[in-house]
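Q: Right, I'll just put the structure down here and ask away after.
The values are calculated or read from the model by the stated rules, or taken from the named source; none is laboratory data. Keep in mind that what you see is a predicted model, and the values were worked out from it rather than measured. Virtual Cβ from ideal backbone geometry, glycine too; neighbours counted across all protein chains shown.
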Amino acid sequence: MMEPAEKAVEEAGEYRSNRERKTVFSFEINGVGSMNIKTLKEDDTSIHLLIKGTNAAFMNTLRRIILTEVPTMAIDEVVVIENSSVLRDEFVAHRIGLMPLKTDLDTYNLPEACNCGSEFGCNLCRVSLALESESGDHTITVYSGDFKSDNPSVVPVSNRIPITKLAPEQKVKLEAYARLGKGKDHARWQPVAVCTYRYLPIIKINEKSCDLCEKCIKVCPRKVLRKTGDEIVIHNIEDCSLCQDCVDACEKTPNAIEVTWDDESYTFNLESTEALKPRRILQEALKILDEKLNNLLDQLKGIQE
Ligand SMILES: [Zn+2]
């Protein structure tokens, strides 16, 4: 009874840092078969994967763990010393809280897991960032880049996030405290701006009934189809949103184009807030899933005994 559960997620593949289109992970998911992942596109902020041999339940698990469980650093406490700007203290604090910060998961602990046990935190679970800005004679904009962090590796991901404007003779002075947290507690700790999966489309063109009228090509909002010589070819299947506009545009009987989907193949699109690298987000999510399954196994063992 225990054996299938033990094999639920078994990492069998090797991880390669190569950015080319190749298999980067391979898993055995019990009952689903061999999972195969290819990188379609990857850069510093986003990753686009083609995942075969799985199901929607697993894809949604991965998505939800990324959204709610992968920790990042964010400011969750602001002490306003002076604020004569037109924005109220709460408004300024809210804007600061949503500022993504570069996250160092290898150095910092989640506050609840830190050995200090302190409500205020220590050097291993808290980073302090100070902001002091004065306008002088001119109106100025206060940006995220004006914060001085006590750890240079934990800073806003961009220096150009506007916090507030200061009219002449106005000033803002505050101290902010950043901690690791999870998206399930507040959206400011979510590591991603976009995290979606989609069924891989299957487009079939019946060459016998197709008369190359090209209506399907013109109507497609994603430009998935193209005409090459005397046939309609699929140019970029991953971009198809299954909208069926091409099927509706075809006037032939029976329809010369059919659009369905493969319920064992998915495209996965992740766009990071830049707090963490996209690949690190995926790795952390899989680690968390593994921990959760091991925890479940331990509890099952307890029940059996
Ligand atoms: Zn601590």
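Q: Specify the residue that is farthest from the ligand (Cβ to nearest atom); the eligible residues are those in the range 78-105 that are in contact with a Lys or Arg (Cβ under 6 Å, 6 or more places away or on another chain) and assigned to a strand (DSSP E or B).
A: Looking at residues that are in contact with a Lys or Arg (Cβ under 6 Å, 6 or more places away or on another chain) and assigned to a strand (DSSP E or B), I get GLU82.
Q: SER241 is checked against (1) over 25 Å from the mean Cα position of the chain (by Cα); (2) hydroxyl-bearing (Ser, Thr, Tyr); (3) within 30 Å of PRO191 (Cβ to Cβ) and fails just one. What number does that condition carry?
A: Looking at each condition in turn, SER241 falls short on (1).
Q: Is it the case that LYS184 is assigned to a loop (DSSP other than H, G, I, E, B) and out of contact with any Ser or Thr (no Cβ under 9 Å at 6 or more places or on another chain)?
A: No: the conditions fail for LYS184.
Q: If you scan the range 210-239, which residues turn out to be surrounded by 13 or more Cβ atoms within 10 Å (Cβ to Cβ), assigned to a helix (DSSP H, G or I), free of Cβ contacts under 8 Å to residues at least 60 places away in the same chain and of a type in the set (D, E, K, R)?
A: LYS215, ASP239
Q: If you don't mind, another one. Kindly list, by first and then second residue, each pair from a residue in the range 286-305 that is at pLDDT 90 or above to a residue that is among the hydroxyl-bearing types (Ser, Thr, Tyr) and surrounded by 10 or more Cβ atoms within 10 Å (Cβ to Cβ), limited to pairs with Cβ atoms under 7 Å and residues at least 6 apart or on different chains.
A: LEU289/THR61
Q: When residues of the range 138-168 are filtered for being within 16 Å of PRO100 (Cβ to Cβ) and either touching a Lys or Arg at 6+ places or on another chain (Cβ under 9 Å) or within 16 Å of the ligand (Cβ to nearest atom) (or both), how many remain?
A: Matching residues across the range 138-168 total 12.
Q: Considering only the range 187-231, state which residues are out of contact with any Ser or Thr (no Cβ under 7 Å at 6 or more places or on another chain), among the aliphatic types (A, V, I, L, M) and under 30 Å from PRO100 (Cβ atoms).
A: Hits for the range 187-231 are ALA187, VAL194.
Q: Could you please let me know if LYS301 is over 30 Å from LEU105 (Cα atoms) and either in a loop (DSSP other than H, G, I, E, B) or touching a helix residue (DSSP H, G or I) at 6+ places or on another chain (Cβ under 9 Å) (or both)?
A: Considered against the rule, which asks whether it is over 30 Å from LEU105 (Cα atoms) and either in a loop (DSSP other than H, G, I, E, B) or touching a helix residue (DSSP H, G or I) at 6+ places or on another chain (Cβ under 9 Å) (or both), LYS301 comes out as yes.
Q: Would you be able to tell me the number of residues in the range 192-216 that are touching a Lys or Arg at 6+ places or on another chain (Cβ under 6 Å) and among the hydrophobic types (A, V, I, L, M, F, W, C)?
A: 1
Q: Out of the residues in the range 106-137 that are of a type in the set (S, T, N, Q) and near the ligand (Cβ under 9 Å from one of its atoms), which is modelled with the lowest pLDDT?
A: The qualifying residue modelled with the lowest pLDDT is SER118.
Okay, residues lined up against (1) touching a residue at least 60 places away in the same chain (Cβ under 8 Å); (2) surrounded by fewer than 17 Cβ atoms within 10 Å (Cβ to Cβ):
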position	(1), (2)
ASN83	yes, no
VAL92	yes, no
MET99	yes, no
TYR108	yes, no
ALA113	no, yes
SER128	no, no
GLY136	no, yes
THR139	no, yes
PRO152	no, yes
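Q: Specify the residue that is surrounded by the most Cβ atoms within 10 Å (Cβ to Cβ); the eligible residues are those in the range 23-77 that are modelled with pLDDT of 90 or more, small (Gly, Ala, Ser) and in a strand (DSSP E or B).
A: Looking at residues that are modelled with pLDDT of 90 or more, small (Gly, Ala, Ser) and in a strand (DSSP E or B), I get ALA74.
Q: Could you list, in sequence order, all residues of the range 159-181 that are outside any strand (DSSP E or B), closer than 24 Å to ARG88 by Cβ and polar (S, T, N, Q)?
A: GLN170
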